[in-house]
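The values are calculated or read from the model by the stated rules, or taken from the named source; none is laboratory data. Owing to the predicted nature of the structure, the values given are computational and were not obtained by experimental measurement. Every residue, glycine as well, gets a Cβ built from its backbone with ideal geometry; the counts of neighbours run over all protein chains shown. Accessible surface areas use protein heavy atoms only, side chains included; no ligands, DNA or RNA. Shrake-Rupley method; radii C 1.70, N 1.55, O 1.52, S 1.80 Å.
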Amino acid sequence: MRVELRQIPEAGGRALAALAELAGSSRTVWVVGGALREILTGGDAADLDLAVAGGALTLGRALADRLDARFVVLDEVRGAGRIVPRSGGAAMDLVDLRASTLEGDLRARDFTVNALAAPLRELLRDGASIIVDATGGLDDLRDRVVRPCGPAAISDDPVRALRGVRLSLRPGWRLHAEAEVAIQAAAHLTTRVAPERIRDELVGILAEADAASGLRALDRLGVLAVLLPESLPMRATAQPLPHHFDVWEHSLRAVEGVDTLLAELDSIAPWGPALRAHLTLDLGGGLTRREALKLAALLHDVAKPETRAEVGGRIRFIGHDAAGARRAAEIALRFRLSRHAAQVLERLVAEHLRPMHLAQAGLITRRARFRFFRALGDEARDLLLLALVDAAALTGASPLVVWAGPGGEVVRTLMAGADEELAAVAAPALLRGEDVMEVFGVPPGPEVGRLLALAREAQALGLVSTREEALAHLRRGTDPGT
């Protein structure tokens, strides 16, 4: 098999030409790793991976200067750096060979499909080049098999356990039996890996269209029990009807529900396009709202084991939402999620019962709808989707069936008012804290916030439209200080 230069994006081709010129004839540079795998399978090689026999950092800095790009040192000891275009676009990782020969370097890599190389000079000169394959990676690439380069490939760097599962989630791909054995054997070693690296691979799994299958694979191979020990009591906690599954299975099915919803968002008519745009918003640390929603689905009942109690002859989980939010915050810290992502996750877990409580209250009034969106803010639509998958996971039904049926009425009602209520929440307030303190003579504190909330609610409901009307409304309907 050969790789052709035309398979590389044009901007990447220009950067490669500059790199080859800087390297000169004395140093050989190879296109390697996942980028080559993506190119050969017709995927999107967003970034380029290259290796050189020494001097990668010096060469990388020179290339960054030539391209007016930023240079980031990834590993000073191992000689690994990244060239990042200032105007955006594909980055380029340049590393020193990890062995005295190219073949030795390839054999030390993670999976055979990533242990391929193409000589850059030949690629630029002839428009195509041969593929150097030291581990049988081309055969595995043809068969869509994820196989370790050697018996110690996973244990040498245990984060590869998650990476292998992530690679296997692509359509038509699978883990080789050797990979499964190696991942199981090295599962206990994943606690030694830097949390940021675990996070990045876990987010990569959550970003896949079939994330739930990835979580199930990690669970089956013993990795999740190590990284998420909360899963063990969840698995051991049975639930009464109408639940059909224990807490852990219910949670995994909720993630499956999110996968289903994301694949069929246009079925949530007419809000599919708006939801799709909302869920692509970046939360930092590599997470978008899509991945945060899947993580919330996995963790929304994380505190059920510790809150399970028999009350009046019934099994109850009183307070599992609030306790779960605290657990979610701990897990977010463990995985080094960004502050924003952690806040979103914590809020979704804390509030996941709110739509059910509204449904139980009966008719949703305009006041109740406004209060829902005021409380949830930017997370309101995420929570409505979480409510759908939570309800569906009771029995294993599709969330699309729940959406269209009686069980989805509260979600449909709230979703219909999303734009109006979010605009009302964002509208400039008629009153300020100073107004309330001056007119009603109350000191700074919770009472000021309570009065402002009442005024804001009246404004949203169209009961008042000026400062004077808002103050008059508070005079009529409140007894400040009580």
message: Suppose we keep only residues that are open to solvent by less than 30 Å² (accessible area, probe 1.4 Å) and in contact with a strand residue (DSSP E or B) (Cβ under 7 Å, 6 or more places away or on another chain) within the stretch 4-19. Which one would you say is modelled with the lowest pLDDT?
response: Gly12
- prompt: Can you tell me which residue in the stretch 200-240 is most open to solvent (accessible area, probe 1.4 Å), limited to those that are within 22 Å of Arg166 (Cα to Cα) and polar (S, T, N, Q)?
  reply: Ser213
query: So which residues in the stretch 263-281 are over 19 Å from Ala211 (Cα atoms), assigned to a loop (DSSP other than H, G, I, E, B) and of a type in the set (A, V, I, L, M, F, W, C)?
result: Ile268, Ala269, Trp271
message: If I filter the stretch 441-458 for residues that are of a type in the set (Lys, Arg), buried (at least 16 other Cβ atoms within 10 Å of the Cβ) and out of contact with any strand residue (DSSP E or B) (no Cβ under 7 Å at 6 or more places or on another chain), do I get at least one hit?
response: yes
- prompt: Restricting the stretch 423-440 to residues that are open to solvent by less than 40 Å² (accessible area, probe 1.4 Å) and part of a helix (DSSP H, G or I), which is modelled with the lowest pLDDT?
  reply: Ala424
query: Taking the stretch 42-82 only, how many residues are touching an Asp or Glu at 6+ places or on another chain (Cβ under 7 Å), in contact (Cβ under 8 Å) with a residue 24 or more places away in the chain and more than 15 Å from Val29 (Cβ to Cβ)?
result: 2
query: Picking from Val165, Val132, Val77, Val72, which residue would you name as being β-branched (Val, Ile, Thr), open to solvent by less than 40 Å² (accessible area, probe 1.4 Å) and within 27 Å of Pro195 (Cα to Cα)?
result: Val165
query: What are the residues in the stretch 303-332 that are open to solvent by less than 30 Å² (accessible area, probe 1.4 Å) and within 18 Å of the chain's Cα centre (by Cα), if any?
result: Ala325, Ala328, Ile331, Ala332
task: Exactly one condition in (1) outside any helix (DSSP H, G or I); (2) crowded, with 18+ Cβ neighbours inside 10 Å is not met by His243; state its number.
output: (2)
- request: Consider Gly408 carefully, then state whether it is surrounded by 21 or more Cβ atoms within 10 Å (Cβ to Cβ) and among the small types (Gly, Ala, Ser).
  value: yes
statement: Flagged in the stretch 344-375 as of a type outside the set (S, T, N, Q) and open to solvent by 80 Å² or more (accessible area, probe 1.4 Å), in numbering order, are Arg347, Met356, His357, Ala361, Leu363, Arg367, Arg371, Arg374
field: Matching residues in the stretch 173-231 - criterion: being over 24 Å from Thr288 (Cα atoms), assigned to a helix (DSSP H, G or I) and free of Cβ contacts under 8 Å to residues at least 24 places away in the same chain
entry: Ala177, Val181, Arg220
